[in-house]
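Coordinate-derived values only; no laboratory data. What you see is a predicted model; the values in this text were computed from it and never measured. Cβ: placed from backbone, ideal geometry, glycine included. Neighbour counts: every protein chain shown.
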Amino acid sequence: MSTTMTTSSRVRRPLYVYLQRPDTAEWVVVGRYQRDSERRAGLYRYAPSYAELGLTWAIDPVNLPFLEAIEHIAHRYDGLHDVLRDASPDSWGQLLLRLKHDLPQDTLPIDYLRLAGNGDRWGALAVGSTPKPNVAHLASPKLQKLDDLVQELLAISERRPAVNAQLRKHLFATPSLGGARPKATVQDDDTFWLVKPGLSTDTVDLALLENGTQQLGRAAGLRFADTRHHALVGGASVVRVLRFDRNGQKRIMAVSAASLLQIQYPFTTDADSKGSSYPRLAEELRRIGAPKDDLAELFGRMIFNAVVGNDDDHPRNHAVIFDATENRWRLAPAFDVVPNPEETPKLLVMQVSTGRRDIDREAMLTDYARFGFKSRIDAEQYMDTLLKKIQSSFNEIKDMFGPDLEVFMSDRINTTSQRLAASTVQSAHHL
Ligand SMILES: Nc1ncnc2c1ncn2[C@@H]1O[C@H](COP(=O)(O)OP(=O)(O)OP(=O)(O)O)[C@@H](O)[C@H]1O
Ligand SMILES: [Mg+2]
């Protein structure tokens, strides 16, 4: 394969896509991407060398099935394939890149992908301009540096000059993780954690709230990413979340639910918003070979979000990862589950059944079969057991919320659990 320097101005130089093999952890060229600016489309093709090695992992099991001779066309994200968009920054990382490179507000997704660097990308993909994988790894700051790291994140978010120039440089070189809030990765022994500090503009201690809620999900028996909370000396409150796309130094393939659902997020059309749905995601999980347990788990997370009032449950807040041991895609642990601190939401972002997003027992049970339940009674049993378990688990771990948030959470859980419980079921009412 030659590095074709195309003479046509509308087709840019190709970008090679690298994958860290799920089995041997070796980096290989998995494909080649090219953008056609005239058509505002992107073209992706699996590398012949990848096929020659006998490798067949799809980097996105829905949009980019492994088909050797096919040129896959992308139209979303200005022609960037969904899974490459997943490996790119969202608003926080995009801000870092605009500050670093003095970029305009309308910078293309492909440019954010290139500029974000491979040092600490989400998932197991990387990109580069050479047909040989060349992936620099940037060591994450150690946990002992948490204080300094948080100070630097806050300084950036408040547009203050660097407190620690070296850390700022590191943060600017590793902006690829998604999301809107300031974040960074720290290393604790051989585990990697996503660090999210509370901000002075927050009306409640969101880090404490996120930590408690993630711990509540775990205590209730759901598969939530593990977290720790730190109250730092300077008064900052910080949550760190165990990264599910890392196993030691090894990177794990990850794909967002937005990609699996074939929708652009942030939504740009009505179709994007309508396509964002839990039962549809359950069907995609089934289609890509995830076990039935994952479908029930997703149903459980939908109910959990309803109970705690997490209405930031958008399709970039769900993901799948490739499990090399089981050799199949699995629903990733739940992350970014944070109750709305301002008001008790009546709607979730994702549909709970066809055409409905309301936090309502009937709406959540209607599409039970799409979540893999054999009967409505099975789904009801699962739901009622979980509702009780969330209540009892809250009583066990409520201290983790601190006195103010404990009262807030207790009220929230009581209100919504009552609304969702069998005895108060109402005929499909609307808001
Ligand atoms: N535990 C984790 N392991 C691996 N990746 C994660 C983890 N938690 C979050 N991410 C990735 O980082 C992104 C941002 O994280 P998160 O959603 O927690 O941040 P946020 O800024 O609060 O997001 P939002 O914009 O949704 O409010 C996620 O969309 C996901 O891709
Ligand atoms: Mg998020």
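Measuring max minus min along each principal axis, the C-alpha atoms of the chain give extents of 69, 52, 39 Å (largest first). Count neighbours as other Cβ atoms within 10 Å of each site's Cβ, and list the trypsin sites (Lys or Arg not before Pro) in region 302-361 that are DSSP loop with at most 16 such neighbours. Those that pass, being in a loop and sparsely packed, are LYS346.
Normalised by residue number, the volume inside the convex hull of the Cα atoms of region 143-246 is 114 Å³ per residue. Quote the relative contact order of region 250-424 in percent (integer), defining contacts as alpha-carbon pairs under 8 Å separated by 6+ residues. Once divided by the residue count of region 250-424, the mean separation gives 23 percent. Every helix of 4 or more DSSP H residues in the chain counts as -39500 (n - 2.57), and over all residues that averages to -10000 deg cm²/dmol at 222 nm.
Can you sort ILE288, ILE359, ILE73 by how many other beta carbons sit within 10 Å, fewest first? Result, fewest neighbours first: ILE73, ILE288, ILE359.
Each part gets one Cα centre, and for region 324-358 versus region 194-216 those centres are 18 Å apart. Placing +1 on the Cβ of every Lys and Arg and -1 on the Cβ of every Asp and Glu, with no other charges, gives region 1-156 a dipole of roughly 400 debye about its Cα centre. Taking every C-alpha pair closer than 8 Å and separated by at least 6 residues, the mean separation divided by the residue count of region 143-246 gives a relative contact order of 23 percent. I'd like the GluC sites (Glu not before Pro) in region 44-129 restricted to DSSP loop residues with at most 16 other Cβ atoms within 10 Å, sorted by number. Listed in order of number, the matching sites are GLU68, GLU71. Under the criterion of Cα pairs below 8 Å and six or more residues apart, the relative contact order for the chain equals 13 percent. Close amide H pairs (under 5 Å, H built 1.01 Å from N) link ALA319 with ALA257, ALA332, residues at least 5 positions away or on another chain. Build a GNM of the chain with springs between Cα atoms under 10 Å apart, and of GLY123, GLY289, GLY235 the one that fluctuates most is GLY235. The residues neighbouring ARG316, those whose beta-carbon lies less than 14 Å from its own, together hold a net charge of -4 under the Lys/Arg +1, Asp/Glu -1 convention. With N as its number of residues, region 98-176 has a Cα radius of gyration that, divided by 2.2 N^0.38 Å, comes to 1.21. Between rounded, prolate and oblate, where does region 46-148 land on the alpha carbon gyration tensor, with a ≥ b ≥ c its root eigenvalues, rounded for a/c under 1.5, else prolate if a/b exceeds b/c? Oblate, because a/c is 1.5 or more while a/b does not exceed b/c.
When only alpha carbons are used to place a centre, region 361-421 and region 31-102 end up 38 Å from one another. Amide H contacts of GLY309: none lie under 5 Å away among residues 5 or more positions distant or on a separate chain (H built 1.01 Å from N in the peptide plane; Pro and chain starts excluded).
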